[in-house]
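In what follows, a single structure is set out as structure tokens and then discussed.
The values are calculated or read from the model by the stated rules, or taken from the named source; none is laboratory data. None of these values were measured; they are calculated from a predicted model. Reconstructed Cβ throughout: ideal geometry from the backbone, glycine too, with neighbour counts over all protein chains shown.
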Amino acid sequence: MSKNSSPQFIALIASLLAASLSSIGVGIFTLEVLATAANFVLVFAVCYFVFSYLLKEFIHDRIKLIYKNIYKFKTQGSKSYGALNKNEADPIGAVSKEVVEWMLENRKEVNELKEQENFRREFLGNVSHELKTPIQTIQGYIHTLLDGALDDKNVNSLFLNKAAKSTDRLAELVTDLTSISALENRGLLKTESVDLVKLTLDVFEMLEIRAKEKDISLKIAKQNPKEVIVEADKAKIHQVLVNLIVNAIKYGKVGGSIRVKFFDMDKNILTEIADDGEGIAEEHLPRLFERFYRTDAGRSRDQGGSGLGLAIVKHIIEAHNQTINVRSTIGIGSTFGFTLKKG
Ligand SMILES: Nc1ncnc2c1ncn2[C@@H]1O[C@H](COP(=O)(O)OP(=O)(O)OP(=O)(O)O)[C@@H](O)[C@H]1O
Ligand SMILES: [Mg+2]
């Protein structure tokens, strides 16, 4: 008998067997063809009905228990599942399909949880590492001052300034962490019509002094229209522009220039921020938007960054269901581009 026999098929074979046996008996006993045929049909019909009913009931009872257990697990998740149909032609096939589905779903969930667990562990490690340096610096200077350096006019204000710088760094780090966790906890956006040209000019004004320190010019490309309207969360896109332009200044060359361009892409607007700075080696590009990721140049130059700026940018753009990308050539410069829905 085939492995996939349904209860009906088993009942059919058993009824045929029973009808044949009893017809042989009747045939031998009565020697009447008509009576033998009538017996065959009757026995077959009764047996088929009784066997298939009993088999279905038996299988249904056993499988109901398995289903019940699966549902108990499944309904703890987000999906809901239909109950076992009593008229199901192949109840065993149906239950094994559900079990496989359930197993795959569970395996996916377990893998996701493992990934999250690794991520959290790594994140916690990174946060404590980043907090440790400024805290130890502050601690060192304050203790040195308390141990006598406070009275030494040559170093006291120098040490206090250094401690203050580390305090600023600590505050900056905590602000970045707060905005990342705020973005994660309530992904809600307050979207409105935003003029990207005006927003960019506001950011330029805010960062003017910083750019001047490195003699960097901030410009919107000439061919752009006077107004570029998108549907976006204004405060968050302001932060995106600040983070990208601050990076462009920080990693840009002295006397260089930063250009912002807008491209009409049918349903979206692509905004590009291009600098002519040090550039980023290709091997770093795939990981650049990860939290705490910095290139070797970013680290060794002691620019005071923690590698959270681009992670925040990516979070915001993805919350808008849009994309961000980067292209860069060492020694030539970098261009960061993100899209937003046209307003
Ligand atoms: N325009 C750029 N040119 C060259 N390198 C860049 C540029 N933007 C980012 N990078 C590199 O990418 C890294 C990650 O940038 P990100 O903005 O996430 O962190 P950060 O600037 O180091 O710190 P933070 O923004 O948190 O203060 C930087 O450390 C730097 O190495
Ligand atoms: Mg940055």
Original post:
Cβ-Cβ below 7 Å, separation at least six or inter-chain, first residue in region 242-262 and among the β-branched types (V, I, T), second within 13 Å of ligand 1 (Cβ to nearest atom) and in a loop (DSSP other than H, G, I, E, B): which pairs?
Top reply: I249/K214; I249/I216; V254/K214; I258/I216; I258/G252
Subject >> Residues (within 27 Å of the chain's Cα centre (by Cα) and either among the hydroxyl-bearing types (S, T, Y) or crowded, with 19+ Cβ neighbours inside 10 Å (or both)) located in region 260-293 >> reply: I269, T271, I273, I280, L288, F289, R291, Y293
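Looking at K219, is it of a type in the set (D, E, K, R), more than 16 Å from ligand 2 (Cβ to nearest atom) and loosely packed, with under 15 Cβ neighbours inside 10 Å?
Numbers: of a type in the set (D, E, K, R): yes; more than 16 Å from ligand 2 (Cβ to nearest atom): yes; loosely packed, with under 15 Cβ neighbours inside 10 Å: yes.
So K219 passes the test.
Please tell me if E278 is without any contact (Cβ under 8 Å) to a residue 24 or more places away in the chain, over 30 Å from L189 (Cα atoms) and not aromatic (F, W, Y).
Working: without any contact (Cβ under 8 Å) to a residue 24 or more places away in the chain: no; over 30 Å from L189 (Cα atoms): yes; not aromatic (F, W, Y): yes.
When the stated conditions are applied, E278 does not pass them.
Residue-wise test of (1) touching an Asp or Glu at 6+ places or on another chain (Cβ under 8 Å); (2) in contact (Cβ under 8 Å) with a residue 40 or more places away in the chain; (3) assigned to a helix (DSSP H, G or I); (4) not assigned by TED's automatic domain parsing to the domain that holds L308.
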{"residue": "N111", "(1), (2), (3), (4)": "no, no, yes, yes"}
{"residue": "F123", "(1), (2), (3), (4)": "no, yes, yes, yes"}
{"residue": "T133", "(1), (2), (3), (4)": "no, no, yes, yes"}
{"residue": "T137", "(1), (2), (3), (4)": "no, no, yes, yes"}
{"residue": "G140", "(1), (2), (3), (4)": "no, no, yes, yes"}
{"residue": "S157", "(1), (2), (3), (4)": "no, no, yes, yes"}
{"residue": "L160", "(1), (2), (3), (4)": "no, no, yes, yes"}
{"residue": "A163", "(1), (2), (3), (4)": "no, no, yes, yes"}
{"residue": "L173", "(1), (2), (3), (4)": "yes, yes, yes, yes"}
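Looking only at region 175-188, filter to residues that are part of a helix (DSSP H, G or I) and touching a residue at least 12 places away in the same chain (Cβ under 8 Å); which one of those is surrounded by the fewest Cβ atoms within 10 Å (Cβ to Cβ)?
Just the residues of region 175-188 that are part of a helix (DSSP H, G or I), to begin with: 175-185.
So of that shortlist, the ones also touching a residue at least 12 places away in the same chain (Cβ under 8 Å) come out as 176-177, 179-180, 183-184.
Working: D176: 20, L177: 18, S179: 16, I180: 16, L183: 19, E184: 10.
Ranking the candidates gives E184 first.
Considering only region 44-58, state which residues are touching a Ser or Thr at 6+ places or on another chain (Cβ under 9 Å) and farther than 13 Å from L12 by Cβ. Outline the logic, then answer.
Of the residues in region 44-58, the ones touching a Ser or Thr at 6+ places or on another chain (Cβ under 9 Å) are 44-52.
Selection gives V46 alone.
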